[in-house]
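Worksheet: one structure, shown below.
The values are calculated or read from the model by the stated rules, or taken from the named source; none is laboratory data. If you're wondering where the values come from, they're calculated on a predicted model, not measured in any experiment. Cβ coordinates were reconstructed from backbone atoms using ideal geometry, including for glycine residues, and neighbour counts include every protein chain displayed. Ligands, DNA and RNA are excluded from the accessible area calculation, which covers all protein heavy atoms including side chains. Shrake-Rupley method; radii C 1.70, N 1.55, O 1.52, S 1.80 Å.
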Amino acid sequence: MRDREKGAGSGDAAATRALWRCPTCARTFAAQNQVHTCKPLGTLERHFAGKPAVLRATFDAFAAAVRTHGDVDILPETSRIAFHTRMSFAQLTVRSAWLDGHVVLGRRAPHERFRRIDTISARNHVHHFRLTGPEDVDDDVRGWIAEAWEVGAQRHLSGARSKRSRGGAH
């Protein structure tokens, strides 16, 4: 299941280079022949089956915040729900009473709400958090989403950033 939403934004050379489409599963990637698992996508309904309604409402609030920044694929994978532009920049995993998630930022951004930060490369840092209700998708989270969307669009590679990601809570 893909959820392609149209939105604003323009990019530099890295952000506009053609995406490679896997001939087997049709997923798109910034890198040609990107190593991945060619599994069919699941459904959002499967992720939320038997879970408290507040978790779906929290997911919906997070997804709505993501959509304000531009095109996004919402990919219900086997164990997580990924948010993808040119690359995956955020994900949520549905647990019994909360959502575990992460955003990929172009810098380390310590914050009391981050449970852990993993450095993948000099320009890709995975910031882990937990959400328990829609109210958790506040200005801090919206700021992280704005910055992570820029990373997903690969705008952080040249320093080109949209007006949406400048300033605000990060």
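Arg116 meets each of the listed conditions (1) buried (at least 19 other Cβ atoms within 10 Å of the Cβ); (2) more than 17 Å from Gly50 (Cα to Cα) apart from (1). Any chance you could count how many residues in region 57-94 are without any contact (Cβ under 8 Å) to a residue 12 or more places away in the chain and not aliphatic (A, V, I, L, M)? The total comes to 1. So, Glu147, is that one among the acidic types (Asp, Glu), under 15 Å from Ala63 (Cα atoms) and open to solvent by 70 Å² or more (accessible area, probe 1.4 Å) or not? Considered against the rule, which asks whether it is among the acidic types (Asp, Glu), under 15 Å from Ala63 (Cα atoms) and open to solvent by 70 Å² or more (accessible area, probe 1.4 Å), Glu147 comes out as no.
Taking every residue in region 104-120 that is touching a residue at least 12 places away in the same chain (Cβ under 8 Å) and pairing it with any residue that is aliphatic (A, V, I, L, M) and open to solvent by 100 Å² or more (accessible area, probe 1.4 Å), at least 6 positions away or on another chain, the pairs with Cβ-Cβ distances below 8 Å are Val104/Ile120. Do we find that His47 is under 25 Å from Ile120 (Cβ atoms), part of a helix (DSSP H, G or I), over 9 Å from the mean Cα position of the chain (by Cα) and in contact (Cβ under 8 Å) with a residue 40 or more places away in the chain in this structure? Yes: the conditions hold for His47.
Would you say Thr43 is open to solvent by 30 Å² or more (accessible area, probe 1.4 Å), at pLDDT below 95 and not small (Gly, Ala, Ser)? Before you say what the answer is, go through the steps one by one.
Numbers: open to solvent by 30 Å² or more (accessible area, probe 1.4 Å): yes; at pLDDT below 95: yes; not small (Gly, Ala, Ser): yes.
Answer is yes for this residue.
A count restricted to region 67-106 and to residues that are under 9 Å from the mean Cα position of the chain (by Cα), of a type outside the set (A, V, I, L, M) and not in a strand (DSSP E or B) stands at 1. For region 83-106, residues that are surrounded by 19 or more Cβ atoms within 10 Å (Cβ to Cβ) and more than 14 Å from Lys51 (Cβ to Cβ) total 14. Kindly indicate whether Ala109 is of a type outside the set (Phe, Trp, Tyr) and open to solvent by 50 Å² or more (accessible area, probe 1.4 Å). The answer is no for Ala109.
Within region 28-40, how many residues are under 23 Å from Trp149 (Cβ atoms), outside any strand (DSSP E or B) and either modelled with pLDDT of 70 or more or open to solvent by less than 20 Å² (accessible area, probe 1.4 Å) (or both)? Residues flagged as under 23 Å from Trp149 (Cβ atoms), outside any strand (DSSP E or B) and either modelled with pLDDT of 70 or more or open to solvent by less than 20 Å² (accessible area, probe 1.4 Å) (or both) within region 28-40 amount to 0.
Could you check region 50-66 and list, in sequence order, the residues that are assigned to a helix (DSSP H, G or I) and within 13 Å of Leu99 (Cα to Cα)?
The answer is Ala53, Val54, Leu55, Arg56, Ala57, Thr58, Phe59, Asp60, Ala61, Phe62, Ala63.
Selection of first residues in region 143-170 that are modelled with pLDDT of 90 or more and in a helix (DSSP H, G or I) and of second residues that are surrounded by 24 or more Cβ atoms within 10 Å (Cβ to Cβ) and among the basic types (Lys, Arg), restricted to Cβ pairs under 8 Å at least 6 apart or on distinct chains, gives an empty result. Do we have any residue at all in region 59-76 that's basic (Lys, Arg) and loosely packed, with under 15 Cβ neighbours inside 10 Å? Scanning region 59-76 turns up no residue that is basic (Lys, Arg) and loosely packed, with under 15 Cβ neighbours inside 10 Å.
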